[in-house]
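The values are calculated or read from the model by the stated rules, or taken from the named source; none is laboratory data. The structure presented is a predicted model; accordingly, all values stated were derived computationally and were not measured. Cβ coordinates were reconstructed from backbone atoms using ideal geometry, including for glycine residues, and neighbour counts include every protein chain displayed. For the accessible areas, the whole protein counts, side chains as well, though only heavy atoms, and no ligand, DNA or RNA atoms are used. Shrake-Rupley method; radii C 1.70, N 1.55, O 1.52, S 1.80 Å.
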Amino acid sequence: MKRAQPIETRQLLHSEPPIFEQGSPGRSGASLPPLDVPAVDPVAHFGALARAADPELAEVSEVEVTRHFTRLSRWNYAIDIGLYPLGSCTMKYNPKVNERVARWPGFAGLHPAQPPSSLQGALALMWSLERLLCEIGGFARATLQPAAGAHGELAGLMMIRAYHQDRGRHPTQVLIPDSAHGTNPASCTLNGFTTVPLKTGADGLLDLDALRAAANGETAALMITNPSTLGLFEERIAEIAEVVHRAGGLVYMDGANLNALLGKVRPGTTGVDVMHINLHKTFTTPHGGGGPGSGPVGVVAALEPFLPTPTIEKEGTSYRIEYARPKSVGRLRSFFGNFGMHVRAYTYIREMGGEGLTRATEMAVLNANYLRARLQGAFPLAYDRPSMHEVVFTDKRLKKETGVQTLDVAKRLMDYGYHPPTIYFPLPAVTGGAGALMIEPTETETPETLDAFADALLSIVEEAVENPQLVKDAPHQTAIGRLDETLAARKPRLRWTKQSST
Ligand SMILES: *Cc1c(COP(=O)(O)O)cnc(C)c1O
C-alpha cells in the first residue's frame, strides 16, 4: 500500500451571510416597466388569502443572487465530484444521456392536464416503464406514483391493508427485522400498524425461529430488506415467505437495494408480494439535494385491484388513463408521479438492456467485495460473510487500539476528498455494540478509485496509531471544521454572525 495523503484544498471559498441578510432595502433583481393599469388591492379581492404587503423577500440584485448560490454550490459535494460511498443509498453516477432525454421539448414541455390524445408518447413511456420494472422485479403490475422510497412503503402498506380488509380481516401487526431502514417502522406507524421487531440471527440473517414465534393471525405483513441493510442476502427468503403466508400475512420487500439483484433474482418469484423500487438509487435518476425522487411499487396479481388510481392501460395501439378502480387505495400523488424521473429511468434501462443491467449488478457486488477484502483486516466486519452490493465494517479494533472511532474516521475521510460513508447504521444493537461504517461503492467506480479510497482508510488507521488527536479533530481541510452535532441539533443557530461562520 502506498500511504495516501490528504488532499490540498487551495481555492477561494467565500464565507457569507444568508441571502436574507444581504442586499439593501428596495434593491431588486428585476426591472419592470411602470404600472400602466389601475393598481389592485389584493385584500379586497382575496381577503385573508392575500399575501402580506411585505413578504420579507431578500432584496438583492441579480448578480448577488447568482454569486450567492454559485458560491454555496462550491461548498457542496456531489457524485460528479468524487466517490460517494454512502451505504444503503446507491450513489451511482447519473449518466448525462438521461438528462438530455428528459430535456427533450416533447417531454419537458408537456402539461399533465393535456388531453390524453396529446399525451400518447408520455403514456407509452410510463406504460413501458411499468412493464420493464415488472419484468425486472417479477411482478404483475406496478404503480409509478410514489415520489420516494418511503412513499412507496406507504403505498405498499396501504395496499396490504386494503387486501386484508377486502377479505374481512383486520390484522394489526407488521414484523420488521431490527436491521431495517428507519422508514420501515415509520411507514407502518403512519398506516396504523404496530411494529414487532425481529432480532438478527447470529449469522447476520433473519432468525427463522424468531419469525415463527412472532407470526400469527395478527400479522398483516413482514417487511424485509433483501439484501439486508447489512449487505447480506437473505438466503432463506422462500422459507421466510412461507411462514408469513401460512400465518395469513403478506411479504413486503424493501427493494431500495435492488442494485444487488438485477438480472439475478426476481423478488416477485421468491414469495414477495409487494416491493418498492427506488429509481433514484438503482436506476440512475438524481438523488438528494431536495430534488424529486421516485419509488414505484410492484405487486403480485392478488394485489392488483388495490393499486393507486389512475392506472395507464393500453388498448390496441393507444393508451388511456383508467380512473374506475373500485378497490383502489386512491390517488397518492398529483398526476402520474415524478414523470421526469420516469423518463430518466426508462432511458437508463433501455440503454443498458438486460445484459447491461445484469453486468451492473455483478460489478456492484464485485466492487463491494473488493473493498471488503482490502479493508476487513483493519475494520472487522459486522458479520463475516460475502457481501452483496455493500459492506458493513466496524470500528471494533480501531477503537480498542487507538480510541479513534467511526465518527472520527468519517470526518477524516473528508480531508482525503471523499464523502463519508453511512455511519452508525445498522445500529450498534445489530453490530455487536460497535460503530458501523456502511460502504457502498456501486458499479460506476474504477479499480483506481476503489484502491485510492481503500488506501485513504488504511492511512487513517496509521494516523490513528501515530497521532489519534489528529483524526479526532478532523476535518482539517474543509471550509468548516468539526461541529458539535448535538449542540447543532438542540440549539440550531439559524442567523448568521461573524462568529458562527468560522
Ligand atoms: C433509501 C432507502 C429507503 C427510503 O427511500 P427514500 O427514497 O429515501 O424515501 C428505504 N429503505 C432502504 C433500505 C433504503 O436504502
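Anything in the chain that counts as a DSSP H helix reaching 24 Å or more along its axis (C-alpha) with Kyte-Doolittle mean of at least -0.5? List them, would you?
120-137, 149-166, 339-375, 447-466
In the chain, what percentage of the DSSP-assigned beta bridges are antiparallel, given to the nearest 5? Kindly include the intermediate steps, with their values, before the conclusion.
On the way: 20 of 38 bridges.
Taking every DSSP beta bridge with both residues in the chain, the antiparallel ones total about 55 percent.
Taken over the chain, the convex hull of the Cα atoms encloses 197 Å³ per residue. Per residue, the range 36-168 exposes an accessible area of 55 Å² to a 1.4 Å probe, with every protein chain left in place.
Of the GluC sites (Glu not before Pro) found in the range 168-260, the ones in coil according to DSSP and having at most 16 other Cβ atoms within 10 Å of their Cβ are Glu235. Subtracting the Cα-Cα distance of Leu483 and Ser73 from 0.36 nm times their residue separation leaves 145.6 nm of extension gain. Altogether, the Stokes-Einstein calculation at 37 °C and 0.692 mPa s, with the Kirkwood radius of the range 195-262 over Cα pairs as Rh, returns a diffusion coefficient of 268 µm²/s. Among the GluC sites (Glu not before Pro) in the range 52-95, those located in a DSSP loop and surrounded by at most 16 other Cβ atoms within 10 Å of their own Cβ are Glu56, Glu59.
If you take the Cα centroid of the range 455-482 and the Cα centroid of the range 85-157, the two points sit 41 Å apart.
Label reach from Lys327 (point 7 Å along Cα→C-beta): in the range 290-319, amide nitrogens under 15 Å belong to 299-309. Label positions at Leu12 and Lys491, each projected 7 Å from the Cα along the C-beta direction, are separated by 3.5 nm.
May I ask which of Lys264/Lys472; Lys2/Lys400; Lys92/Lys411 have a Cα-Cα span longer than 32 Å here?
On the way: Lys264/Lys472 42 Å; Lys2/Lys400 25 Å; Lys92/Lys411 21 Å.
Table pairs above 32 Å Cα-Cα are Lys264/Lys472.
Compute the projected area of the convex hull of the Cα atoms of the range 129-194, averaged over all viewing directions, and report it in nm² to one decimal place.
Working: hull surface 21.2 nm².
Approximately 5.3 nm², given one-decimal rounding.
For the listed peptides 12-18, 249-255, 357-363, a ranking on the average number of other beta carbons within 10 Å per residue, highest first, reads 249-255, 357-363, 12-18.
Here the simple spin-label model places points 7 Å from the Cα toward Cβ, and for Ser318 and Glu135 these points are separated by 2.6 nm. Net charge of the neighbourhood of Tyr416, taken over other residues with C-beta under 12 Å away and scored Lys/Arg +1, Asp/Glu -1, is -1.
Share of carbon and sulfur in the accessible area of the range 19-73 stands at 60%, probe radius 1.4 Å.
Extension gain for Gln114 to Gln5 (0.36 nm times residue separation, less C-alpha to C-alpha distance): 33.6 nm. Counting charges near Ser73 (Lys, Arg +1; Asp, Glu -1) among other residues having Cβ under 12 Å from its Cβ returns a value of +2.
Quick one: net charge of Gly433's neighbours, Cβ under 14 Å, K/R +1, D/E -1?
Combined, the nearby Lys, Arg, Asp and Glu give +2.
Calculated [222 nm] ellipticity per residue, helices only, for the chain: -10500 deg cm²/dmol; basis is -39500 (n - 2.57) per DSSP H run with n ≥ 4, divided by all residues, nearest 500.
In vacuum, with every alpha carbon of the range 19-73 counted as one equal point scatterer, what does the Debye formula give for log10 I(q)/I(0) at q = 0.22, 0.25, 0.30, 0.32 Å⁻¹? Two decimals, please. Debye output, listed in q order: -0.93, -1.00, -1.13, -1.19. Select from the range 287-348 those chymotrypsin sites (Phe, Trp or Tyr not before Pro) which occupy a DSSP coil region and have at most 10 other Cβ atoms within 10 Å, ordered by residue number. Sites meeting the loop and neighbour criteria: Tyr323. Quick one: Cα centre-to-centre distance for the range 1-44 and the range 239-278, in angstrom? Computed from Cα coordinates, the inter-centre distance equals 47 Å.
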